[in-house]
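Structure record follows, encoded as structure tokens.
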Amino acid sequence: MSKALLVSAPEAILVADSNGLIVLVNSQTEELLHYGSNELLGLHLDVLFPELFRHDNLRLISSHTQAAEKRPPRVELELPALRKDRRQLLLSMSVCSVNGQDGPLVCCILRELTDSKRADQAFVETCERFRTIVENSHDVLCIRDADGKVRYASPSIQRILGYSQEQMIGSTGFELLHPEDRSTVESAMHQFWKNPGARGSIQYRALHANGSWVSLEVVAFNLLDDPDIRGVVINGRDITDRKPAGVQPPIPIAASHNAAGHATSATENLPICASCKKINHPVGRWQQIEAYVRDRFHVEFSHGICPECSKLWYPDLVE
């Protein structure tokens, strides 16, 4: 293929040698990538690709400069590239081999993809980033179906509880709950599953694969009505180190908010003194209700006095 033909082609064309050095570009390539005349000549191909994708892209392209019997056939690639100002664009690249005087060269025909293609690529990259974040998180992320069975469990389930993803998928995990916590958790789940759009939290103990008990703090989002999720998304964190030694009963802090924003209790019983209103938690330890709520909901109180108590304690002032 003659140099004059490549230079005069209506599409953007770039040619590189076996070392990855650019030996020929036409004006359409320079316009597409925002380079001046002949600025690309002699540069390495790696200037055109983001670092995250650079190695794989260069490997695919350079394979076309191998010996004839090892060269792959012409390929069509969709890949991110960099303009001179380092802004990204998405390219469709047709790659093939051409014969040069000093050996095989690689010829790349470049086309910028449409906005819809860019949007698709951006979506894929976003999903990939999200997957990486989830799979490397210290917390456990689970998605449960309408029947309560685990559809997805992140890899951190093995680090926190000692079970593989495969062991958890398809199970309810109820058998792992501490006997003293099971009824509270099952009751909370039963109520929570009835409220699409709700968000709630609870603390309980679960059995580790090694036989020990792990204290978990769980936050759940009811997305059963979400067409993209159709499940309950649960994020669990190991809080064993924050708990005092010994077996502790569950902390029934679960509260959910439906779409209208109303709070609904997801617990059964909370032992409270009928006189001073202290909370009996754990059993035998009485705690002021303000302190109990502050520790678990991370809220502060501003004290006042209601009209009924004003009349009872300060009748003269009220009159």
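Within the stretch 71-79, identify whether any single residue is in contact with a helix residue (DSSP H, G or I) (Cβ under 6 Å, 6 or more places away or on another chain), surrounded by fewer than 13 Cβ atoms within 10 Å (Cβ to Cβ), modelled with pLDDT under 75 and not hydrophobic (A, V, I, L, M, F, W, C), and answer yes or no. For the stretch 71-79, residues in contact with a helix residue (DSSP H, G or I) (Cβ under 6 Å, 6 or more places away or on another chain), surrounded by fewer than 13 Cβ atoms within 10 Å (Cβ to Cβ), modelled with pLDDT under 75 and not hydrophobic (A, V, I, L, M, F, W, C): present.
Evaluated against (1) assigned to a strand (DSSP E or B); (2) within 30 Å of the chain's Cα centre (by Cα); (3) surrounded by fewer than 19 Cβ atoms within 10 Å (Cβ to Cβ), ARG111 falls short on exactly one condition, (2).
Screening ARG59 with (1) free of Cβ contacts under 8 Å to residues at least 12 places away in the same chain; (2) within 17 Å of ILE13 (Cα to Cα); (3) under 32 Å from the mean Cα position of the chain (by Cα) gives one miss only, at (2).
Take the conditions modelled with pLDDT of 80 or more, assigned by TED's automatic domain parsing to the domain that holds PHE49 and surrounded by 13 or more Cβ atoms within 10 Å (Cβ to Cβ) and apply them to VAL150. Does it pass? No. Considering only residues that are touching a strand residue (DSSP E or B) at 6+ places or on another chain (Cβ under 7 Å) and over 20 Å from ILE22 (Cα atoms), look in the stretch 91-125 and name the one that is modelled with the highest pLDDT. Filtering first and then ranking leaves LEU113. Scoring GLY231 on the criteria (1) surrounded by 15 or more Cβ atoms within 10 Å (Cβ to Cβ); (2) at pLDDT below 90; (3) small (Gly, Ala, Ser) leaves a single failure, condition (2). Cβ-Cβ contacts under 9 Å between residues 6 or more apart (or on different chains), taken from a first residue in the stretch 147-170 that is in contact (Cβ under 8 Å) with a residue 12 or more places away in the chain to a second residue that is part of a loop (DSSP other than H, G, I, E, B) and acidic (Asp, Glu), are listed as ARG151/ASP145; SER154/ASP139; SER156/ASP139; ILE160/ASP139.
Taking the stretch 176-201, which residues are of a type in the set (Asp, Glu) and free of Cβ contacts under 8 Å to residues at least 24 places away in the same chain? Residue satisfying the conditions is GLU186 alone.
The condition of being touching a helix residue (DSSP H, G or I) at 6+ places or on another chain (Cβ under 6 Å), in contact (Cβ under 8 Å) with a residue 24 or more places away in the chain and not hydroxyl-bearing (Ser, Thr, Tyr) does not hold for LEU223.
Note on the stretch 9-43: among residues that are out of contact with any strand residue (DSSP E or B) (no Cβ under 6 Å at 6 or more places or on another chain) and within 22 Å of SER92 (Cβ to Cβ), the one that is modelled with the lowest pLDDT is ALA9.
The values are calculated or read from the model by the stated rules, or taken from the named source; none is laboratory data. It should be emphasised that the depicted structure is a prediction, and the values quoted were computed from it without experimental measurement. Methodologically, a virtual Cβ is constructed for each residue, glycine included, from the backbone with ideal geometry; neighbour enumeration extends over all protein chains shown.
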